[in-house]
Amino acid sequence: MHKKTDLVVVGYGAAGIAAAITAARAGAKVALLEKQSADTHFSSSRMSGGLIMGANDVDGATRYLDQCADGMIQTEINRAWAERAVRVREWLESVGIKSVHMAGAWYPKFDGYDSIEVLAPLPKGTEPEDVEIELPKPGELTFKFPLPFGNGALLHDLLLEAVAKEPNIEACFEHEATKLIQDGSRVIGIECKTPDGEVTIDSRYGVVLSCGGYEKNQDMILNYLKAYPIYFYGSEANTGDGIRMAQSAGADLWHMNQMIGRGVGHFKHPDGWETTMGMSLNPPGYVILDKYGERFANEHLQAVSKPNFYYELLKYDADRLEYPRIPSYWIFDKRRLEARPLAHGGIGYYPWSKDNRTEIDLGWIKEADTVEEVARLAGVDDPEAAAQSINAYNEYCQSKEDPFGRPEDSLVPIDQPPYYCVKIYPGGATTNGGPRRDAHARILNAHREPIPGLFGAGELGGAIGLLYPSPGSNLGEAIAFGEMAAETAIRDGSQ
């Protein structure tokens, strides 16, 4: 089958939707392709927390993003993002989504920190003034998931409603993009596989790739990331398709070793399937130990969902010739178990039990009357050292002074049996690497020249470097570069 359109957008998440709506409102006909079916459409956006990074000052946000990127992203690209970030609330309202300021940036020590404002979408009929928000402490994310009023599933549904109102957008499910079509170096269309056979789509303005990262491609994980194993929750559809297509068209790649990382739980069910979950250490009364039963970092960073804790898990021991923190071991007591679920799920995730008992029965949470025994059951190499580490931690709780720098209010003793242990692995939501792009969302070749007719947005080569700037950075970046990609495609294609 052969079709024609003005712009092809590959990937039906926030980035693709922003690109499609922007192009459609400029008068372009858009084919919005998604390889999943409508019934199993679990984009990264839908499975996210639903928060969106915005900003209140372009210069301040640019400085802050520069420091987070640590040289991996050029200043002109960070500025292009910041210029969109100050208007993201306006863009959301333009597609019928109201939002509320929910949190700030992760790193208060960086200049421009206070220029970042994290937004949460509101259900229809809810006004911002109807919602009471107590902003978290600087650099923390202290509210609980799922949010009481907004999350990724809500954002996804609201964005799909916005797409449905645009007559110029044709949403094409079960269209797996396989190859870019080029005339010389210019991208002029795409080939797809569908249940009805192969489809070729010619595109007047080219192709926007917004089809996610490679977090479900084990070969890419092994070859590009810094350790192994690393496990991801999120969309099963993100298998690096866009990266391979862009490479075939001559694209350069950047920061392929970067990801939105944190400690995660990875579990195997007796029926043979596996699942990865983000784990909720809070409320306090927790430590994380290495294979040898030793503490190694400030666990509070993981407890408040700060992505930089992930780097602590990647240490390689050159003497032992191993990664002693893969896995690590989260130890806690009865109080934490009974407080609330250990994992937050949502649309597309395993439905974790409210009292954690199902997961104890499955063997995912080990339980014992002593710390030494629970460490042994979990697989710690030196259970006695684990017990000594917990005793030392409890003494720090008494003195309110922790050698790893945990804040006082996080120092709650682990002293009420039974005791519990869960293995923690490096992992997270998404990868960041992919085809290199410029400040206009154009994908570049190995000579840093734009490939005509090829554009990128979202986590596929996302503009996020060493540190994840704030909660909602992925979605904020996706919307910003989705808009940008569509505008550039139409402008360049009209010349």
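The values are calculated or read from the model by the stated rules, or taken from the named source; none is laboratory data. Values in this document were obtained by computation on a predicted structure and should not be read as measured data. As a convention, Cβ positions derive from the backbone with ideal geometry for all residues, glycine included, and neighbour counts pool all protein chains shown.
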_What's the total number of residues in segment 463-495 that are within 15 Å of R84 (Cα to Cα) and without any contact (Cβ under 8 Å) to a residue 60 or more places away in the chain?_
1
_Residue list for segment 179-201, restricted to those being free of Cβ contacts under 8 Å to residues at least 40 places away in the same chain and surrounded by 20 or more Cβ atoms within 10 Å (Cβ to Cβ)_ = none
*When you look at S248, is it more than 27 Å from D381 (Cα to Cα), out of contact with any Cys (no Cβ under 9 Å at 6 or more places or on another chain) and buried (at least 17 other Cβ atoms within 10 Å of the Cβ), yes or no?*
no
*Tell me, which strands (runs of 3 or more DSSP E) lie completely within segment 188-286 with 2 or more residues that are at pLDDT 95 or above and in contact with a helix residue (DSSP H, G or I) (Cβ under 7 Å, 6 or more places away or on another chain)?*
207-209
*Filter segment 87-111 for residues that are crowded, with 17+ Cβ neighbours inside 10 Å, over 25 Å from E161 (Cβ atoms) and out of contact with any Leu (no Cβ under 8 Å at 6 or more places or on another chain) and give the result.*
A105, F110
*Can you give me the ranges of the strands (runs of 3 or more DSSP E) entirely in segment 406-495 with at least 1 residues that are within 15 Å of the chain's Cα centre (by Cα)?*
419-431
*Please specify each residue of segment 341-369 satisfying the condition of being part of a helix (DSSP H, G or I), without any contact (Cβ under 8 Å) to a residue 60 or more places away in the chain and closer than 30 Å to L154 by Cα.*
R357, T358
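Restricting to segment 102-126, name every residue that is outside any loop (DSSP other than H, G, I, E, B) and at pLDDT below 90.
First pass over segment 102-126, keeping only residues outside any loop (DSSP other than H, G, I, E, B): 102-103, 113-121.
If the condition is that a residue be outside any loop (DSSP other than H, G, I, E, B) and at pLDDT below 90, then M102, A103 are the ones that fit.
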_Suppose we keep only residues that are within 30 Å of G458 (Cβ to Cβ) and modelled with pLDDT of 95 or more within segment 378-430. Which one would you say is surrounded by the most Cβ atoms within 10 Å (Cβ to Cβ)?_
P426
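Take E372 and tell me if it is assigned to a helix (DSSP H, G or I), modelled with pLDDT of 95 or more and assigned by TED's automatic domain parsing to the domain that holds E274. Before the answer, list the steps.
Working: assigned to a helix (DSSP H, G or I): yes; modelled with pLDDT of 95 or more: yes; assigned by TED's automatic domain parsing to the domain that holds E274: yes.
Criteria met by E372.
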